[in-house]
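Step one of this worksheet: look at the structure below.
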Amino acid sequence: MSLPDKKGYFGSFGGKFIPETLSFCLKELEDAYRNIKKDKKFKKELKTLLDEYAGRPTPLYYAHSLSDYLGLKVYIKREDLLHSGAHKINNALGQALLAKFMGKKRIIAETGAGQHGVATATAATLLGIDCEVYMGQEDMERQKANVFRMRILGAKVIPVTIGTKTLKEACSQAFRDWVTNVSDTYYLLGSVVGPHPYPKIVRDFQTVIGKETRKQILAARGKLPDYLVACVGGGSNAIGFFHPFYKDKKVKFIGVEAAGFGQGGLSAASLVKGKPGVFQGSKSYILQGKDGQVKNAHSIAPGLDYPGVGPEHSFYKSIQRADYQAVSDKQALAGFNLLSRFEGIIPALEPAHAVYYLKKLAKFGKGKTVILCLSGRGDKDLDIVRKYNL
């Protein structure tokens, strides 16, 4: 079974729940992507950009000290070493090149932690396309360094001052812009969320993570791992990591969401604490109240601060292909400290959630082989962490 189906569904999740005004935009995108996947020139140019510019393939590193401490065999997929500092560049280069092939003169994007915004600004500048990035005012305050990077790269950063002033509202504003300016504008969505075909497009560009990992672990150990562990916000790094192992049933997937303030407090754990509903164009697990209204999300990690999740993750949950857990702000800070002190690698706060979960996994998985997707580096988060005096 090939997923998603022709209507964009992963089982009962996904689809296209959109106003009529978005129909043309998405149809044009779907047709362009279907054609471009067969284009040898496109595929060759993208591979060159990923390898020679972005820095692929990324290493699969055996974490000796952390492994000894936890009693696990821990490998780390080093997406933090990519140009611009995170896995986001894989998708940004793919979609920006698609925009160029479509003849678009302007790219817009949304961003939370700023890593997708930086990656989009990087790709747009490289390809000579104008770029504007919508970012919640709250996130702009938390991620000042990335705002500065985007501006240095030539992008216009547009503050979003409505609602919670975070990623959810930034997405909404970008969609509004796209509908108004579709003739010359490409919306470069940053995660595996939103209406079809975005969850498929972003996943396809991110599967380079899992495809490389599969080859690397077989070369290193001669067998597949017991566990794959990755953080999940919208879910692009995790799906890109998991998907190439989908048919390998003995490889267990663990997605780690943000529990935020913890028990009873605000969180961003859509899969752990949410329920199915429709949000920003697709059906997936979302945080919602008794009346069905979308609840505010919270995470110390701006890139996880989102009340929804990609439909493919929702499907994995429904068929129990993946196990989803949640880690609090306080625990994520401990994970940040753990990797920094044991391996000399400073992680972004997003994958620091997954790092912390390794401590829980060690309680029942002694001796097992685990691969952690380190989706981004932590220099962007030093101001946040400094406040907690680790």
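Couple of notes before you dig in:
- The packing ranking of peptides 299-312, 373-386, highest mean first, is 299-312, 373-386, where packing means the average number of other beta carbon atoms within 10 angstrom of each residue.
- Calculated log₁₀ intensity ratio I(q)/I(0) where the Debye formula runs over C-alpha points of the stretch 53-204, q = 0.12, 0.18, 0.20 Å⁻¹: -0.52, -1.01, -1.19
- Cα gyration tensor shape of the stretch 350-390, rounded if a/c is under 1.5, else prolate or oblate by comparing a/b with b/c: oblate
- Of the cross-linked pairs Lys43/Lys368; Lys77/Lys330; Lys200/Lys387, those separated by over 27 Å at the C-alpha level are Lys43/Lys368; Lys200/Lys387.
- In the chain, the DSSP-assigned H stretches of four residues or longer account for a calculated mean residue ellipticity at 222 nm of -12000 deg cm²/dmol, using -39500 (n - 2.57) per stretch and the full residue count as denominator.
- Whole-angstrom gap from the stretch 85-125 to the stretch 312-346, using each part's C-alpha centre: 25
- Ordering of 16-24, 107-115, 222-230 by packing is 107-115, 222-230, 16-24, highest average first (other Cβ atoms within 10 Å, averaged per residue).
- Distance between the stretch 234-289 and the stretch 148-183 - C-alpha centres, whole angstrom: 24
- Principal axis dimensions, largest first and in whole angstrom, of the chain by Cα: 56, 46, 43
- Accessible area in square angstrom per residue, the chain, 1.4 angstrom probe: 40
- Straightening the chain between Lys363 and Arg151 buys 71.8 nm, computed as 0.36 nm per residue apart minus the Cα-Cα spacing.
- With 29 Å as the limit on Cα-Cα distance, the pairs of Lys6/Lys156; Lys7/Lys317; Lys283/Lys363; Lys41/Lys249; Lys40/Lys223 that go past it are Lys6/Lys156; Lys283/Lys363; Lys41/Lys249; Lys40/Lys223.
- Applying a threshold of 24 Å to the alpha-carbon distances of Lys165/Lys380; Lys215/Lys273; Lys144/Lys360 flags Lys215/Lys273; Lys144/Lys360 as lying beyond it.
- Equivalent ellipsoid of the stretch 77-165: semi-axes from √(5λ) of the C-alpha gyration tensor, largest first, are 20, 16, 11 Å.
- Per-atom-type breakdown for the chain gives carbon and sulfur 52% of the accessible area (1.4 Å probe, protein chains only).
- Working ranking of peptides 359-369, 201-211, 247-257 by packing, defined as the average number of other Cβ atoms within 10 Å per residue, highest first, is 201-211, 247-257, 359-369.
- Reachable aspartates and glutamates, given that their alpha-carbon falls under 17 Å from the alpha-carbon of Lys16 and they are not under 8 places away in the same chain: Asp5, Glu28, Glu30, Asp31, Glu312
- Applied to the stretch 189-196, the Karplus parametrisation 6.51 cos²θ - 1.76 cosθ + 1.60 on θ = phi - 60° returns per-residue 3J(HN,Hα) values of 6, x, 9, 8, 10, x, x, 4 Hz, with x for Gly and Pro.
- Reachable aspartates and glutamates, given that their alpha-carbon falls under 18 Å from the alpha-carbon of Lys250 and they are not under 8 places away in the same chain: Asp226, Asp323
The values are calculated or read from the model by the stated rules, or taken from the named source; none is laboratory data. What you see is a predicted model; the values in this text were computed from it and never measured. Methodologically, a virtual Cβ is constructed for each residue, glycine included, from the backbone with ideal geometry; neighbour enumeration extends over all protein chains shown. These accessible areas exclude ligands, DNA and RNA; they are computed on the full protein's heavy atoms, side chains included. Shrake-Rupley method; radii C 1.70, N 1.55, O 1.52, S 1.80 Å.
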